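In what follows, a structure is listed as structure tokens, so that the remarks can point back to it.
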Amino acid sequence: MPLHLEVEKTDRIGHLYNHVRKQVEDLLTNKAPIEAFKALVVGEEVTREMLEDCRFVKRVYAAMVAKIAERREQLKLQLDKAKTDWEAVRQSPDQELRRQKLFASHQAYGAWRHDEERGRYEMKAVLAFIRIWAQGKVENRMAGCRR
């Protein structure tokens, strides 16, 4: 992005660009923690009901993320065990045992991949729930920003 654009006097967007262009790189490179934005919206009253409602939604989100992560970890452990079992019998002369272990490895991998898709779908559903919940908050929206 160029630092300065030659613009006509009537081009408000061009003048705005020239005015803020130098700060754009600072915005992109210097990331601030979320705590830096806590006092951005001030002067609005946050009620106890608003806080309880927000806590509930946060708990739902945390529970879903934990459930997905735990299930994912279990399936990963099963996949690793199946791969280890397959590698242990890969050179075995027992063809039936090799077939069983290879099949178990493929099943574990399939379950792990299916859960990966399922986890994405579940997270999209949770985020959609939060988005719909937030859009339904029409009263005192500025105070809602503070939560």
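When +1 charges are put on Lys and Arg Cβ atoms and -1 charges on Asp and Glu Cβ atoms, the dipole computed for the chain relative to its Cα centre reaches about 260 debye. Rank Q91, Q23, Q74 by mean-square fluctuation in a GNM of the chain with C-alpha springs under 10 angstrom and give only the top-ranked residue. Looking only at Q91, Q23, Q74, the biggest GNM fluctuation is shown by Q23. Using only the Cα atoms of the stretch 88-140, build the gyration tensor, take square roots of its eigenvalues as a ≥ b ≥ c, and label the shape rounded, prolate or oblate: rounded if a/c is under 1.5, else prolate if a/b is larger than b/c, else oblate. Cα axes put the stretch 88-140 in the prolate bin.
Kirkwood hydrodynamic radius of the stretch 44-83, from the reciprocal of the average inverse Cα-Cα distance over all distinct pairs: 12.4 Å. For the chain, with a Gaussian network of springs between Cα atoms less than 10 Å apart, report the residue from H15, H114, H106 with the top mean-square fluctuation. Among H15, H114, H106, the largest mean-square fluctuation in the Gaussian network model of the chain belongs to H15.
Which percent of the accessible heavy-atom area of the stretch 68-147 goes to carbon and sulfur, probe 1.4 angstrom? Answer for the stretch 68-147 is 56 percent, counting heavy atoms of protein chains only. Within the stretch 42-137, the GluC sites (Glu not before Pro) that combine a DSSP coil assignment with at most 11 other C-beta atoms in a 10 angstrom radius are E45.
Projecting the Cα atoms of N30, V126, A104 onto the charge dipole of the chain (Cβ charges, centred on the Cα centre) puts A104 farthest toward the positive pole. For the chain, the fraction of C-alpha pairs more than 23 angstrom apart is 67%.
Per residue, the chain exposes 82 Å² of accessible surface when a 1.4 Å probe is rolled over the protein heavy atoms with every protein chain present.
The values are calculated or read from the model by the stated rules, or taken from the named source; none is laboratory data. What you see is a predicted model; the values in this text were computed from it and never measured. All Cβ positions, glycine included, derive from the backbone under ideal geometry; neighbour counts span all protein chains shown. Note: accessible area is taken over every heavy atom of the protein model, side chains too, but ligands, DNA and RNA are not part of it. Shrake-Rupley method; radii C 1.70, N 1.55, O 1.52, S 1.80 Å.
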